[in-house]
Amino acid sequence: MGFLHGEPKIQDDEFRQCLAYLEEEWRLKAFQEKEADLYNNALVKHGRSISADSVAAKEVCRAASRLTESASEILRRRSKMSPVPDAASAVYFAWQLTYLDYSSWSTAQCAAVEAVVNGMEPCGERVGALLAQSETSRHKAEKEEKRLLRRLRRSGLTGDMVQKMFSDASAAVEAQN
């Protein structure tokens, strides 16, 4: 077992388990990004007129509600993930924190949208703070993921393998309704 930069190479079975875990994690990330895009598109299309147009208000509320539901779905799917290999545990926990923070933000964001639609003042500071926390958590998770990918590359992961895993994850999400 060779050590490079203080960490042992990831061998055989654990290597395959890490690859399977990462592909599953990337499916969740692709799902989250797809749902966030749907929400952002609704905001761009209807956001400026939600206080004056009831159709726009309903569309943005529906999109915000869907965003919150998708955040809950991500947490549900994560709870059903197969055992996480030891080498990937730091990544798993970093993404778990990220999605918990994201779920908190999406819930607050949905409440803020509903407040605006109902003519009330949204709690913008709270939403902003939760968004910042979510972004900070995401940055830390991406950093942990890169660290694991470097370690996997030293253990035999190739760029083609990464591309295929990422493509497979994206295709799986696109195939979902």
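Step by step: first the residues of segment 151-177, then only those that are in contact (Cβ under 8 Å) with a residue 12 or more places away in the chain and among the basic types (Lys, Arg), then the one that is nearest to Leu97 (Cα to Cα). Which residue is that?
Filtering first and then ranking leaves Arg151.
Could you list, in sequence order, all residues of segment 63-80 that are of a type in the set (S, T, N, Q) and modelled with pLDDT of 95 or more?
Residues satisfying the conditions are Ser65, Thr68, Ser70, Ser72.
Given (1) assigned to a helix (DSSP H, G or I); (2) among the hydrophobic types (A, V, I, L, M, F, W, C); (3) out of contact with any Ser or Thr (no Cβ under 6 Å at 6 or more places or on another chain); (4) touching a residue at least 40 places away in the same chain (Cβ under 8 Å), where does Val44 come up short, assuming only one miss?
It fails just one condition, (4).
Kindly indicate the residue of segment 109-136 that is in contact (Cβ under 8 Å) with a residue 40 or more places away in the chain and among the β-branched types (Val, Ile, Thr) and also nearest to Arg62 (Cα to Cα) among those meeting that condition.
Val113
Listed residues Arg138, Arg126, Arg154, Arg147; which is over 17 Å from the mean Cα position of the chain (by Cα), within 21 Å of Ala36 (Cα to Cα) and among the charged types (D, E, K, R)?
The match here is Arg126.
Considering each of Val127, Val117, Val60 in turn, give the residue that is surrounded by 14 or more Cβ atoms within 10 Å (Cβ to Cβ), modelled with pLDDT under 90 and at negative phi.
Selected residue: Val117, the only one of Val127, Val117, Val60 that is surrounded by 14 or more Cβ atoms within 10 Å (Cβ to Cβ), modelled with pLDDT under 90 and at negative phi.
Hey, does segment 74-84 have a residue that's without any contact (Cβ under 8 Å) to a residue 12 or more places away in the chain and in a helix (DSSP H, G or I)?
yes
The values are calculated or read from the model by the stated rules, or taken from the named source; none is laboratory data. What you are looking at is a predicted structure, and each value in this text was computed from that prediction instead of being measured. Glycine gets a Cβ as well: all are built from the backbone with ideal geometry, and neighbour counts include every protein chain shown.
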